[in-house]
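The values are calculated or read from the model by the stated rules, or taken from the named source; none is laboratory data. Everything numeric here is computed off the predicted structure, so don't read it as measured data. As a convention, Cβ positions derive from the backbone with ideal geometry for all residues, glycine included, and neighbour counts pool all protein chains shown.
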Amino acid sequence: MLIYKIFRDDEWRALEAAGETNGAPVDLADGYIHFSTATQAAETAAKHFAGAEGLWLLAFEAEALGEALIWEPSRGGALFPHLYRPLRLEEMTWVKPLPLVEGRHQFPAEMV
């Protein structure tokens, strides 16, 4: 199953340049990299990235991230994927822009 990470442009460019990352500031503060499932991603964008432009949506195969990926309860008790190690660019399945259209982020059709 694919899981998703939303990055601001500078965070995506840093991952692209370095080949790996410990995540965004919220990830560094929490000690793990936050991901969302397809059904959770829009709420994550609305809650944590409201009105933000220049975002990127990165997709990863959950199974390929290994034992460091742990599903833990978060918003409303729903299980969210959290990665307890650096994220490597080579593990990414795809990356797409996450444009802001009429105040809402428009996710790729394959996620809807």
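Structure values in brief
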{"read-out": "Boolean, THR93 is in contact (Cβ under 8 Å) with a residue 60 or more places away in the chain and of a type in the set (Ser, Thr, Tyr)", "value": "yes"}
{"read-out": "Residue list for the stretch 74-84, filter: touching a Phe, Trp or Tyr at 6+ places or on another chain (Cβ under 9 Å) and touching a residue at least 24 places away in the same chain (Cβ under 8 Å)", "value": "PHE80, PRO81, HIS82, LEU83, TYR84"}
{"read-out": "Positions within the stretch 90-112 being hydrophobic (A, V, I, L, M, F, W, C) and either loosely packed, with under 14 Cβ neighbours inside 10 Å or not in a loop (DSSP other than H, G, I, E, B) (or both), in sequence order", "value": "MET92, TRP94, VAL95, LEU98, LEU100, VAL101, ALA109, MET111, VAL112"}
{"read-out": "Qualifying positions in the stretch 52-63 - surrounded by fewer than 18 Cβ atoms within 10 Å (Cβ to Cβ) and out of contact with any helix residue (DSSP H, G or I) (no Cβ under 6 Å at 6 or more places or on another chain)", "value": "ALA52, GLU53, GLU61, ALA62, GLU63"}
{"read-out": "Exclusive hit being touching a Leu at 6+ places or on another chain (Cβ under 8 Å), in contact (Cβ under 8 Å) with a residue 24 or more places away in the chain and surrounded by 13 or more Cβ atoms within 10 Å (Cβ to Cβ), set LEU87, LEU2", "value": "LEU87"}
{"read-out": "Pairs where the first residue, in the stretch 62-73, is within 16 Å of GLY31 (Cα to Cα) and the second is of a type in the set (Lys, Arg) and surrounded by 14 or more Cβ atoms within 10 Å (Cβ to Cβ), C-beta under 8 Å, 6+ apart", "value": "ALA68/ARG85"}
{"read-out": "Subset tally (residues that are closer than 12 Å to ALA59 by Cα and β-branched (Val, Ile, Thr)) for the stretch 1-35", "value": "2"}
{"read-out": "Selection count, the stretch 54-89, where residues are closer than 12 Å to HIS34 by Cβ, charged (D, E, K, R) and not in a strand (DSSP E or B)", "value": "1"}
{"read-out": "In the stretch 33-51, the residues that are more than 18 Å from GLY76 (Cβ to Cβ), in contact (Cβ under 8 Å) with a residue 40 or more places away in the chain and surrounded by fewer than 19 Cβ atoms within 10 Å (Cβ to Cβ)", "value": "PHE49, GLY51"}
{"read-out": "Conditions (1) modelled with pLDDT under 95; (2) touching a helix residue (DSSP H, G or I) at 6+ places or on another chain (Cβ under 7 Å); (3) hydroxyl-bearing (Ser, Thr, Tyr): number failed by SER36", "value": "(1)"}
{"read-out": "Single match in LEU57, LEU28 (criterion: within 15 Å of PRO97 (Cα to Cα) and of a type in the set (A, V, I, L, M))", "value": "LEU57"}
